[in-house]
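Notes to accompany the following structure.
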Amino acid sequence: MTQTAIVQDPPTPDSDRHSVLALDLGTTTGWAMRLSDGSVVSGTMAFQPSRYEGGGMRYLRFRSWLDELLHQTQQLSAVYFEEVRHHAGTDAAHIFGGFLAHLTAWCEHHAIPYEAVPVGTIKRHITGKGNANKGVVIAAIRGRGYAPADDNEADALAILDWALANRIGSEGE
């Protein structure tokens, strides 16, 4: 797992905000989280099965990783993820569907609200153009003071930025 820590807002010790998680689901999942103190952490997590594992092991590791994030943060107020409608191939669609099923079931189990955000909405928010390519998204994220290691982390940061601007900020958290 790679991780980058950047302070977005000055930490406030008496803050009653909860953590918010944003995910770019895939074999290499990009993630970004606004912590309750206002800081933002992000990175990627690889769920590629090894040669000797069954196909379901990636999903078991994914759920275990989500449990670990929840345990470390104590409380998640919401999970946002990229809503992908078109995939490069059948395998990618199946893998995404598996991650999506496990994520939504996990959120339901823990009573955590979740929302899928369309790809075009995220790109339009972060770049001003709904069909921007990966390089433009990465550059826009870097322009906001983040240092993503790859497009997966950049996408997760863009989803988090959208959620903070359009959902969390409007709810008064």
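Looking only at the stretch 30-86, residues that are under 19 Å from Ala111 (Cα atoms) and among the polar types (S, T, N, Q) come to 7 in all. Quick check: anything in the stretch 16-38 closer than 25 Å to Asn131 by Cα, of a type in the set (D, E, K, R) and either crowded, with 16+ Cβ neighbours inside 10 Å or at pLDDT 95 or above (or both)? Scanning the stretch 16-38, I find at least one residue that is closer than 25 Å to Asn131 by Cα, of a type in the set (D, E, K, R) and either crowded, with 16+ Cβ neighbours inside 10 Å or at pLDDT 95 or above (or both), so the answer is yes.
Considering only residues in the stretch 39-93 that are outside any strand (DSSP E or B) and of a type in the set (Val, Ile, Thr), the one that is surrounded by the fewest Cβ atoms within 10 Å (Cβ to Cβ) turns out to be Thr90. In the stretch 110-167, the qualifying residues are those that are of a type in the set (Ser, Thr, Tyr) and not in a strand (DSSP E or B), and the one that is surrounded by the most Cβ atoms within 10 Å (Cβ to Cβ) is Tyr146. Does Ile168 count as within 17 Å of Met33 (Cβ to Cβ), touching a strand residue (DSSP E or B) at 6+ places or on another chain (Cβ under 8 Å) and modelled with pLDDT under 95? The answer is yes for Ile168. Residue pairs whose Cβ atoms lie under 8 Å apart, separated by 6 or more positions or on different chains, with the first residue in the stretch 23-36 and touching a residue at least 60 places away in the same chain (Cβ under 8 Å) and basic (Lys, Arg) and the second outside any strand (DSSP E or B) and buried (at least 24 other Cβ atoms within 10 Å of the Cβ), are Arg34/Leu160.
The values are calculated or read from the model by the stated rules, or taken from the named source; none is laboratory data. Model, not experiment: these values are computed from the prediction. Reconstructed Cβ throughout: ideal geometry from the backbone, glycine too, with neighbour counts over all protein chains shown.
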